[in-house]
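The values are calculated or read from the model by the stated rules, or taken from the named source; none is laboratory data. Quick caveat, the model's predicted, so the values are computed rather than measured. Every residue, glycine among them, receives a Cβ derived from its backbone with ideal geometry; neighbour counts consider all protein chains shown. Note: areas computed on protein heavy atoms with side chains; ligands, DNA, RNA excluded. Shrake-Rupley method; radii C 1.70, N 1.55, O 1.52, S 1.80 Å.
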Amino acid sequence: MWRNYLTVGLRALAKNRTYSIINIAGLSIGMAACLMILLFVRYELSYDQWLPDAANTYQVQSWYHSKETGEQINLQMTSYIAGERLTKDFPQILNKVYMTQAGPTIIKDGQPTVSEDYYYTDGNLLDVLPLPMVVGGRDALKGMNSLVMSQSEARHQFGTEQALGKVLTVISKGVRRDYRVTGVMRDLPKNSHLKIAAIFHIDLARVVEPGFLTSWGSQAGWVYVRLQPGTDPATIVAQLPAWKKRNIPDEISDGIKSNDGDDQDWHLVRVADIHVGEAQNAAMTPGNDRGTIATFAVVALLILGMAVVNFINLSTSRASQRAREVALRKVLGARRGQLITQFLGESVLIATLAMVIALALVELLMPTFATFLDADLKVRYFGPDGIALPVVVLVLVVGILGGLYPAFFLSRFQPAAVLKANRSAAETPGSGRLRNALVVGQFAVSIGLIICTVVIYAQTVYARTVDPGYARGHILQVENLNRTQLADKGQVIVDAMKRIDGVAAVGRGSIGVATSNTSNTGYTVPGSTSNVGIGDYRVDGGFFDAMGLKLVAGRWFDEAREADDSTLPYPSDPVAEQAQVARGVNVVINELAARRLGFANPAAIVGKTFKASLIPNSNLTEPVTVIGVLHDARFRSIKKPLEPIGFHKTRNSHDVLIIRYRGDPRVVRAQVEQVWKRLAPEVPFEAQFSEDLVEKLYRAEDARAKTFAGFAVLSVIVGCLGLFGLAAFTAERRTKEIGIRKVLGARTRDIVRLLVWQFSRPVVIANIIAWPVAWWLMRDWLNGFDDRITLSPLPFLAAGLMALAIAVITVGGHAIRIARANPIHALRYE
């Protein structure tokens, strides 16, 4: 019996080749897309689950909420002292470790090299984060000046993974130190929020600024804790408001009381939840959010649903042509259950063939897909992360869904009625409406995805091209200017760079194009009882021209005016600090800072004096006089709120060198590198063009636009396959009707118009459904940007017209061919 079912099924597929190819192709594409996207979703949700005891390992995070603007900034970092006090006050914490980015200069073969993903730790990191070790155990980082590095970093530095006992010489804060390799770990997998090449155990007091370790407002590192098994972290979090009141002292400056805990809350986040958690600022690796992942999953199911809809549509339409076959089978003794089994079996057979092709597509496309998403995606069929069981379930579900309606519909036919009327076809009431509803659903999904693609792409283009408030093009940004060995060479480097042919301007600053560091201080308005948070960044006199900033009131810093210079010696000098407090500091602010300080007119704030603390890691406040106001400039992503900024001029303590150039960028960069290596031989040269920095800044949005474009193309392909098959079936069924219309005088264009309009109506209805849903989704997505495009009707009209054009082109070929046919052949056929 089963052999007979299989034979009949294969013959039915061979007899209707067009129907079979369309059905199998549509299902294959839908299944392949669904599998690939769901593999990515599972991958995104698997971050850091490979860590031993991940369930009891947490990251301590600082979340900021501005009372002035309502802005929420959630950091994965927290202050060093927060970790110390948490460990002291909560016995549920077994271990605690602090790690901060190192960025030392590595001396290799006598030459400085770039060190990426190097970190300092104050203890044995492996007690809290048991990273996978190849050589060395959990005690590898217990000793001071010990070093653990990854296999790839060991090969990079020493040419071999057998690096145990080898010595690495680094320069940090201008001091050379030797570290002995006490362990080698495996390269961390990509599905981790950690990205570590090497970890040094060091006395942090030697490498951080004075006062940093006791400052509650200094977030420059990550704190990890391991809790006692069975501890509910919610019980600790519930006690944190009272904990911060006990531990964080009030600070009184000029009669105004402030507290670092007023706008800061602490959270314990399980390591496996960091990648998709609410805090994505100050992360080691780019994170994701659950909303985006859920969107991917929904889109995967929608594309699969469209393929299943095609399957159901074509199955129901073709099934109605098998009325005589069913009638004869019933006459010969076939029971209804046998017929249902047969048709469900045929449906599962098609789903199985489609799945085989889908798996081949997944195997072929997965490497490219993984590279595009920068994910370590692999197809495994067996094991804990195997897809064999989901594949079998998917085949059965799709096969049964696609064959359920035709099976029960066909098995209901009464043989006497069918054979008496000599009918080879039968149509159940309402099946045409069902097919139209399914086509509407398909095109609604396609139109919605096209709209999302257009809006996301338009926003990405807008982000890259909108005026940021400074001249963003033709900038070469050089890093590592903050190295201690360059503390007294900054001006020498600037003067040498200015002499390079093609260099138009050179400046230094602690902020630049797409820099991630943030620094804030409180400005006290005379007569006010609270502070206004303003960004605080150090620049030199050339920063204005190098960045191409725009002055709207007052003036920029003048090298000849002593009051404009707020340089302090390094290391800190209390005498010099007190002298600056007595004298005061001149600053230049942006328009937003002026508004926050209560001045709508930028010119009105020029000459006004406030109180602020501009001395790093100090509670000293000094008079701050505004001498100029700049046009608002956006140095970071437009997803982040515009920052109120204050600049003060110094001759040291800058992070980046800004070089504005003209001419061939490669030639300029080569000359800049040559000068740098001559003047700073112990500091590696790292430089990026502003265009590359901006491209990297919006890489995630660009990838999302391309991904949605891919989804849209797939949905259109699947929809067109279904529409093509349905149009072929409809044209075939209406052969006699079309012949009669032509005999009665209908022209070819009348027939074409009739058929095209029949399939255009569902597209029009689909637009009515898709537009409000897409508008709601894109409005919420755009609201995540501080600066965004206006959601105009253009994307909606374009998507609707595109879908309509696709439908017309898909159906038009059949319509023209049928309309041109000789009516004699059509009537003879019937």
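Place a point 7 Å from Cα of VAL298 in the direction of its Cβ. Which residues in the range 760-790 have their backbone N less than 16 Å from it?
769-784
Work out, step by step, the length gained on full extension between GLU695 and TRP757: first 0.36 nm times the residue separation, then minus their alpha carbon distance; give nm to one decimal.
17.8 nm
For the residue pair ALA579 and ASN145, what label-to-label distance in nm results when each label sits 7 Å from Cα along the Cα-to-beta-carbon direction?
Taking the two extended label points, one gets 3.7 nm.
For GLU71, enumerate residues with amide H under 5 Å from its amide H, sequence gap 5+ or separate chain, H modeled in the peptide plane.
Sorted by chain and number, the residues that satisfy this are SER66.
Let me know the volume per residue of the alpha-carbon convex hull for the range 547-647, in Å³.
Output value, Cα hull per residue: 128 Å³.
I'd like the carbon and sulfur percentage of the solvent accessible area for the range 455-534, probe radius 1.4 Å, heavy atoms only, ligands and nucleic acids excluded.
Carbon plus sulfur share of accessible area: 50 percent.
Taking the mean number of other Cβ atoms within 10 Å as a proxy for protection, how do you rank 109-121, 232-244, 638-650, 380-392 from highest to lowest?
For the peptides 109-121, 232-244, 638-650, 380-392, the packing ranking is 638-650, 109-121, 232-244, 380-392.
Taking the simple approach of a point 7 Å from Cα along Cα-to-Cβ for both ILE357 and GLU161, what is their distance in nm?
Distance between label points: 4.3 nm.
Sort 478-484, 671-677, 588-594 for me by packing, meaning the mean count of neighbouring Cβ atoms within 10 Å per residue, highest on top.
Output ranking for 478-484, 671-677, 588-594: 588-594, 478-484, 671-677.
I'd like the Karplus ³J(HN,Hα) series for the range 120-127: coefficients 6.51, -1.76, 1.60, θ = phi - 60°, whole numbers in Hz, and an x wherever there's a Gly or Pro.
9, 9, 9, x, 7, 4, 5, 5
What share of all Cα pairs of the range 586-731, in percent, falls into each consecutive 5 Å distance bin?
2, 7, 10, 11, 11, 11, 11, 10, 8, 5, 4, 3, 3, 3, 2, 1, 0, 0
Counting heavy atoms of the protein chains only and a 1.4 Å probe, report the per residue accessible area for the range 635-679 as a whole number of Å².
45 Å²
Could you calculate the FRET efficiency of ALA234 with HIS65 from 1/(1 + (r/R0)^6), where r is the beta carbon distance between them and R0 is 22 Å, rounded to 0.05?
The calculated FRET efficiency here is 0.65.
Size of the range 582-621 along its principal axes in angstrom, Cα-based, largest extent first?
31, 18, 14
Work out the FRET efficiency for ARG42 and SER528 from their Cβ-Cβ distance, taking R0 = 56 Å, and round it to the nearest 0.05.
Taking R0 as 56 Å, the efficiency between ARG42 and SER528 is 0.60.
How do TRP63, TRP222, TRP776, TRP50 rank by accessible surface area computed with a 1.4 Å probe, from largest to smallest?
TRP776, TRP50, TRP63, TRP222
Give me, ordered by chain and number, the residues 5 or more places off PHE200 or on other chains with an amide H under 5 Å from its own placed amide H.
TYR119, TYR120, THR121
For a quick protection proxy, order the peptides 394-400, 550-556 by their average other-Cβ count within 10 Å, most packed first.
Those peptides, ordered most packed to least, come out 394-400, 550-556.
Length gain on complete extension for the stretch ASP178 to GLU562, per 0.36 nm per residue less the alpha carbon to alpha carbon distance?
Difference between extended and current length: 134.0 nm.
Hey, what do the phi angles of the range 782-796 turn into as Karplus ³J(HN,Hα) couplings, whole Hz, using 6.51/-1.76/1.60 and θ = phi - 60°, x for Gly and Pro?
5, 5, x, 9, 6, 10, 8, 6, 7, 7, 8, x, 4, x, 5
I'd like the Kirkwood hydrodynamic radius of the range 541-589, using the inverse of the mean 1/r over distinct C-alpha pairs, in Å.
12.6 Å
Accessible area of the range 122-194 with a 1.4 Å probe: how many percent of it is carbon plus sulfur?
Here carbon and sulfur together make up 45 percent of the probe-accessible area.
Please find the FRET efficiency linking LEU364 to TYR570, where r is the Cβ-Cβ separation and R0 is fixed at 56 Å, and quote it to the nearest 0.05.
Rounded to the nearest 0.05, the efficiency is 0.45.
Subtract the Cα-Cα distance of LYS190 and ASP780 from 0.36 nm times their separation in residues, and report this length gain in nm to one decimal.
209.4 nm
Search the structure for amide H atoms under 5 Å from the amide H of LYS108, placed 1.01 Å from N in the peptide plane, and list their residues when 5 or more places away or on another chain.
THR113
Heavy atoms only, 1.4 Å probe, whole protein assembly: order THR352, THR231 by accessible area, highest first.
So, going from the largest accessible area down, we get THR352, THR231.
Filter the trypsin sites (Lys or Arg not before Pro) in the range 743-809 to those in DSSP coil with at most 11 other Cβ atoms within 10 Å of their Cβ, and list the result.
Sparse-neighbourhood loop trypsin sites (Lys or Arg not before Pro): ARG747.
When the gyration tensor of the range 99-153 is built from Cα positions, what are the square roots of 5 times its three eigenvalues, in whole Å, from largest to smallest?
Three semi-axes, in Å: 22, 13, 10.
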